[in-house]
2 protein chains.
Amino acid sequence: MREKALRLYPPPSVELEAGTIYEGDAIPSAPHVQRTRAMPHVVLNMVSSADGRSTVSGKASGLGSAVDRTTMRTLRGKADAVMVGAGTLRAERLSLGTDLGTALGTDRAPLAIVISKTLEIPLEQHLALDAGQDLLILAPECQGEDPHARARTRVMRGPSTPSGEVDLARALRMLKREEGVDLLLVEGGPTLNHALISASLVDELFVTVAPKLLGDAEKPAVLAGPLPKPHGLRLLSAYLAEDELFLRYALRSSTNFA
Amino acid sequence: MREKALRLYPPPSVELEAGTIYEGDAIPSAPHVQRTRAMPHVVLNMVSSADGRSTVSGKASGLGSAVDRTTMRTLRGKADAVMVGAGTLRAERLSLGTDLGTALGTDRAPLAIVISKTLEIPLEQHLALDAGQDLLILAPECQGEDPHARARTRVMRGPSTPSGEVDLARALRMLKREEGVDLLLVEGGPTLNHALISASLVDELFVTVAPKLLGDAEKPAVLAGPLPKPHGLRLLSAYLAEDELFLRYALRSSTNFA
């Protein structure tokens, strides 16, 4: 990819190859970050149109550019684990890999995690993994036997809420403690994004703003559901490539920033 | 307002007073713009949260900062007319002025325009105008007598569509021809924004991205309704003040850019 990009913020403006956006950026950015806390550092990555819609024809994959897909893989390459909700996986075929594992012949692919209440996930049809990438299915304790016996795949029984959902706060602590997940990248969908932000479990937000207007309030927004109060954000960085903006925000509620 | 802002784009980064955002920027920006066309240059101004929501508790006024309100007035000061839909005026009390008219004792306030199908508009309760600011109510031809006889207020009967709405394309031409409106600023709401973009009548979009997550797909998005196809955007400028982004886009469908 030979396209040029600009880092707009923090100043001064710097030109770079579009394919290298986020490559040199530490996550978390703060050197004093509490790696010692019991929770992973949780980062959401989402793509949105300029009018705040998250999908084209029900699929997020129609919205971002080739540069966006590259930054997505760059972020995955920095993460210990990449998580999606089962609904997103049911809606479209997607990869949770970096496309680096095979090429480098190394074992650097992040752990892929799918959260599912029902274990009804079209893994074979919809999930592409790197060679050497492990898959963890996180399901509530109360569910039955795992129908997905396949290589490199495990089912982790997470603590569940009274309503039978995975208890996210306790599940994240478990991922850190038992799987060594220090940096968790979450790629949606809107229901999982909303559940994590509602529970104040998110430290950072990466938002790609595609230079498009999509319209239609019926299509899912990036957060599917109400928040009891607005969550404040602080802009950490902004890049621009071909009219597409790559914004990185810290949640003001995060304990991982001074 | 002593806050600092940064112009992030175009480069290089420049520091400025937050209260002066857009003050030095020409609208339209292109020197070769077709001032000769029969349509006004149409600019939408909207505020959105980082997750694409346009209101807090049903009101846009809760979302933007003091800097946003200042940039709104700066844009009004450049426009020949400022338009809102009647629904927005019913939802909240708002000003369509620059707050400059009174102070300067001049007649520089833009023409205020309210589009209404029914003429049921709470003008007295909800609309604040500058001293010396005229109000034009744009209604379909088929509606009855105007109940709003008050000083500096006129009702213009716009051409109407078969369904009884104002025919926006023909009404805009009329505003240019009869009222001399070269630059029209539209401040929503989502229904009017959507109608104008659907009809490809918009040249530019000013979007303030408030550094907040609001959640809730039930709240109106900035465009209330589907678009037959995505509209492409080109970034013209970006400013940053206190984590709030001020983005200016050209619609790729606009005939006012090369």
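The values are calculated or read from the model by the stated rules, or taken from the named source; none is laboratory data. From a predicted model like this one, the values you see are computed outputs, not experimental measurements. Heads up, the Cβs are rebuilt from the backbone with ideal geometry, glycines too, and the neighbour counts pull from every protein chain shown. These accessible areas exclude ligands, DNA and RNA; they are computed on the full protein's heavy atoms, side chains included. Shrake-Rupley method; radii C 1.70, N 1.55, O 1.52, S 1.80 Å.
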Open item on the list: I need the phi-derived Karplus couplings for the stretch A:81-92: 6.51 cos²θ - 1.76 cosθ + 1.60, θ = phi - 60°, integer Hz, Gly and Pro marked x.
Closed with: 8, 10, 10, 9, x, 5, x, 5, 5, 5, 6, 7
TODO: Mind listing the long-range amide H neighbours of B:L63? Cut-off is under 5 Å, sequence gap 5 or more, other chains count too, H placed in the peptide plane at 1.01 Å from N.
DONE: B:V56
TODO: Please sort A:162-170, A:190-198 by packing, taking for each peptide the average over its residues of neighbouring beta carbons within 10 angstrom, highest first.
DONE: A:190-198, A:162-170
Open item on the list: For B:E165, place a label point 7 Å from Cα along the Cα-to-Cβ direction in every copy; what are the distances to the other copies, in nm, shortest first?
Closed with: 3.6
- [ ] Could you tell me which of the pairs B:K4/B:K78; B:K78/B:K229; A:K117/B:K229 are separated by over 28 angstrom between their Cα atoms in the structure shown?
- [x] B:K78/B:K229; A:K117/B:K229
Open item on the list: Going by amide H atoms built from the backbone, whose H comes under 5 Å of the H on B:G97, apart from near neighbours?
Closed with: B:D130
- [ ] Return the whole-Å distance between the Cα centroid of the stretch A:114-192 and the Cα centroid of the stretch B:229-258.
- [x] 39 Å
Task: Copy-to-copy label separations for A:R73, where each label sits 7 Å from Cα toward Cβ, in nm and ascending - done: 5.1
Task: Inter-chain Cβ neighbour average for residues B:2-14, partner chain, 10 Å - done: 4
Task: In order through the stretch A:211-216: 3J(HN,Hα) via Karplus (6.51 cos²θ - 1.76 cosθ + 1.60), integer Hz, x for Gly, Pro - done: x, 9, 10, 10, x, 6
Open item on the list: For A:S29, what residues show an amide H to amide H distance below 5 Å, using hydrogens built from the backbone and excluding near sequence neighbours?
Closed with: none
TODO: In nm to one decimal, list the spacings between the A:R150 label point and its equivalents in the other copies, with label points set 7 Å along Cα to Cβ, shortest first.
DONE: 6.6
Open item on the list: With unit charges on the beta carbons (Lys and Arg positive, Asp and Glu negative) and the dipole taken about the Cα centre of the protein assembly as shown, which residue among A:P110, B:L185, B:V14 sits farthest to the positive side?
Closed with: B:V14
Task: Closest approach to the A/B rotation axis among chain A Cβ atoms, residue and whole-Å value - done: A:G52, 1
Task: 0 to 90° range, to nearest 10: angle between helix A:66-78 axis and chain A longest Cα axis - done: 60 degrees
Open item on the list: Taking the solvent-accessible surface of protein heavy atoms with a 1.4 Å probe, what is the per residue accessible area of chain B in Å²?
Closed with: 40 Å²
TODO: Starting at the first residue of the stretch B:122-136, write each ³J(HN,Hα) from the Karplus equation 6.51 cos²θ - 1.76 cosθ + 1.60 with θ = phi - 60°, in whole Hz, x for Gly and Pro.
DONE: x, 4, 4, 7, 10, 10, 9, 10, 5, 4, x, 8, 8, 10, 10
TODO: Restricting to the stretch B:111-249, compute how many DSSP beta bridges are antiparallel as a %, nearest 5.
DONE: 55 percent
